[in-house]
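Every number here is computed from the coordinates shown, using simple stated rules; none is lab data. It should be emphasised that the depicted structure is a prediction, and the values quoted were computed from it without experimental measurement. Note: ideal-geometry Cβ built from the backbone for every residue, glycine included; neighbour counts use all protein chains shown.
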């Protein structure tokens, strides 16, 4: 087998690691902070809000358009959701799928929750769903060999593209 360089650099991961420390020390839960400050929606990459929940871009995405859906309430597990909240979460997931299909031509999706630290939850105290758009051929050696991802578009540019396509008055369309 050919010899590969075993060092693949992903400096954006350090920003993520530092942000976890900063959130824990200074401001608490970033999702609660985003909910409390709608005037900062553009800066925080919030796509839209419903009465009880909101959709935000993941700052450290697996692919372009990786969205998070969270409730205003700080609940850490899917079993804490009321039936109405569970229904609303699924309606928002469906809306995110529609948005990503129309705005970035996503061909498939990974959708799910990470419940608990051992399951990969970076924020185990505030339940959120992930909607990750996918395209044929989008996986490559970077993720497999280097645990790195190649994100071809800036967050602000992707935010603008999603905002242009979203129907903020009807998040459950």
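Would you mind ranking 162, 115 by Cβ crowding within 10 Å, fewest neighbours first?
Final ranking by Cβ density, sparse to dense: 115, 162.
How do the peptides 103-112, 123-132, 64-73 rank, highest first, by the average count of neighbouring beta carbon atoms within 10 Å per residue?
64-73, 123-132, 103-112
Where q = 0.11, 0.18, 0.21 Å⁻¹, what log10 of I(q)/I(0) comes from the Debye formula for region 30-165, counting one point per Cα?
-0.39, -1.06, -1.40
Within a 10 angstrom radius of the beta carbon, how do 29, 118 rank from fewest other beta carbons to most?
Details: 29 16, 118 8.
Least crowded to most crowded, the residues run 118, 29.
Would you mind ranking 91, 117, 99 by Cβ crowding within 10 Å, fewest neighbours first?
Details: 91 16, 117 10, 99 24.
Ordered by Cβ neighbours within 10 Å, fewest first: 117, 91, 99.
Could you state the number of Å between the C-alpha centres of region 87-118 and region 44-62?
Comparing the Cα centres of region 44-62 and region 87-118, I get a distance of 11 Å.
List residues of region 119-139, by number, whose backbone nitrogen lies under 18 Å from a label position 7 Å along Cα→C-beta of residue 107.
132-139
With label points built 7 Å along Cα→Cβ from the Cα atoms of residue 160 and residue 90, find their separation and express it in nm.
So the label points at residue 160 and residue 90 sit 3.8 nm apart.
Please give the length that would be gained between residue 29 and residue 134 if that part of the chain were fully extended, namely 0.36 nm times their separation in residues minus their C-alpha to C-alpha distance (nm, one decimal).
Full extension from residue 29 to residue 134 adds 35.0 nm.
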